[in-house]
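What follows is a set of notes on a single structure, which appears directly below.
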Amino acid sequence: MEKLVINGGRKLFGKIDISGAKNAAVAILPAAVMASQGVSIIDNIPDIEDVQCIERIIESLNCKLIRGNNTVTIDSTTINNVFANTDDVRRMRASYYLIGALLGRFKEAHVDLPGGCAIGVRPIDQHIKGFEALGATVNIEHGVVTAKAERLVGANIFFDVVSVGATINVMLAATLAEGTTTLENVAKEPHVVDVANFMNSMGANIKGAGTDVIRITGVKELKGCNYSVIPDQIEAGTYMIATAACGGEVVVGNIIPKHMESISAKLIEMGVEVIENEDSLLIRSDRNLKGANIKTLPYPGFPTDVQQPMTTLLSVSRGRSIVNESVWESRFKFVDELKKMGASVKVEGRTAIIDGVSKLTGAVLKATDLRAGAAMIIAGLMAEGTTEVTCIDHVDRGYPHIEEKFKMLGADIRRIKTEDC
Ligand code: UD1
């Protein structure tokens, strides 16, 4: 076990480069197993535990995988297994993309139910609804999702809720179905578009990703391709908020500024200077920020995955702020940790009412999930005194070399071994 020890109160200065998007990479890697010819060389893969987890799962299907520096080469022509039932499958959320990928290619998939962060009930009914509409029979028994079809046939599917996972999963299966599939009320997140672009590079025919309607014309087979994953919107947002919280001047580089607009707009409203360049944002903050109201929404709204870091920033911003979490019902558990540092936050259901305090003080904190862990680190970086963040295995699932990146910006942060957690 490891923990982070942070001596807070240092301003952040310098430049960091954002890594490839976690949520794109963990969908693109399973999607790559759909190629029955050639190899895929995928670049800008983030060095995080969730990626390593999905890579191990793909290898367990007898795919050949070669890891390079931020690059993975996948030869999926050798797959001879449609069973994904390892501990790794149960540990992470994105393993469910193997249902759509294997069902699409082999018309059969046996995949254990996924795990992931405990941030609320995480049903997969919309995934199942989509697979069934394409002609599959789907059963869940003993914790295993079994999906089978004689043939998959294109269909019109209107999702009841906007779901990133269901949009991508059903899109994967429909790619190798006969005829045309129309998906309506889909997620528009940048990583949905990235997966569609990757599939099209493999020979798929997907149109409309990034809008409310995706149209997929089924193709006979997919071939390996070369592809580079988009930058991580959530990692970038985390460093933007950290700079706003600590004060200083940081260039957040290797990003797509358009993906950051909801976060940039909110920071500007609070008094942070955000200057946009072609592939970077300059963030300048004097820490004298005013509170703001936020409602998390599917893209292009304010991302739920940045809510916890933002709530942490609001805890030291002037006046009263109200945060409404409309995507996940249990994403305020980390507030108890913030209160140990002196924050004044009251949670009522899906709403947090925050009365800004002048400072937080260092404490021993537990990362309760991935993005909560990032929020705890930001809290420690801006607090007076020393903060320890335990259970950072949650953070390592999604943030590459987080303490190294913060050290490059001048933070006093180190990783040490611990018995805790
Ligand atoms: C993905 C992200 C996660 C992010 C979330 C919302 C990955 C690996 N994870 O998770 O970081 O917080 O999008 O942006 O990409 N829902 C249903 N039925 C379903 C599916 C979802 O009711 O079949 C509901 C969920 O309970 C939730 C909402 O839809 O309230 C959004 O979930 P979804 O977009 O599917 O999240 P994930 O794909 O699991």
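Some notes on this structure:
- Within the accessible surface of the chain, defined with a 1.4 Å probe on protein heavy atoms only, the carbon and sulfur portion equals 49 percent.
- Filter on LYS11/LYS417; LYS188/LYS266; LYS333/LYS407; LYS295/LYS366; LYS64/LYS405; LYS11/LYS290 - keep pairs with C-alpha separation over 22 Å: LYS11/LYS417; LYS333/LYS407; LYS295/LYS366; LYS64/LYS405
- Centre-to-centre separation between the Cα atoms of segment 289-311 and those of segment 74-113: 33 Å.
- Percent RCO, i.e. relative contact order, over the chain, from Cα pairs under 8 Å lying at least 6 residues apart: 21 percent
- Take the Cβ atoms of VAL153 and PHE13, set R0 to 60 Å, and the FRET efficiency comes out at 0.55.
- Rounded to 5, the percent of DSSP beta bridges in the chain classed as antiparallel: 70 percent
- Residue range of the chain that is longest and free of GluC sites (Glu not before Pro) which are both DSSP loop and sparsely packed (at most 10 other C-beta within 10 Å): 1-149
- Helix-only CD estimate at 222 nm, as mean residue ellipticity for the chain, using -39500 (n - 2.57) per DSSP H run (n ≥ 4): -9000 deg cm²/dmol
- Shape box of the chain [Cα atoms, principal axes, largest first, Å]: 63, 45, 38
- Cα-based radius of gyration for segment 22-228, normalised by 2.2 N^0.38 Å, reads 0.90.
- Crossing angle, helix 164-175 versus the chain [Cα axis fit, 0-90 degrees, rounded to tens]: 20 degrees
- Just checking the listed ones, PRO231, PRO30, PRO298: in the Gaussian network model of the chain with Cα springs under 10 Å, the one fluctuating most is PRO298.
- Neighbours of PRO298, meaning other residues whose beta-carbon lies under 10 angstrom from its beta-carbon, give a summed charge of 0 when Lys and Arg score +1 and Asp and Glu score -1.
- GNM result for the chain, Cα springs below 10 Å: residue of ILE275, ILE392, ILE157 fluctuating most strongly: ILE275
- Relative contact order [Cα under 8 Å, 6+ residues apart], segment 292-421, whole percent: 21 percent
- Annotation for HIS142 and ARG67: the two label points, set 7 Å from Cα along the Cα-Cβ direction, are 3.1 nm apart.
- Sparse-neighbourhood loop sites, trypsin sites (Lys or Arg not before Pro) in segment 96-186 - DSSP loop, at most 16 other Cβ within 10 angstrom: ARG151
- Taking segment 22-228 and dividing mean pair separation by its residue count, relative contact order in percent (alpha carbons under 8 Å, at least six apart): 22 percent
The values are calculated or read from the model by the stated rules, or taken from the named source; none is laboratory data. What you are looking at is a predicted structure, and each value in this text was computed from that prediction instead of being measured. No Cβ is skipped: glycine too gets one built from the backbone with ideal geometry, and neighbour counts run over all protein chains shown. Ligands, DNA and RNA are stripped out before the accessible areas are found, and what is left, the full protein with its side chains, is counted by its heavy atoms. Shrake-Rupley method; radii C 1.70, N 1.55, O 1.52, S 1.80 Å.
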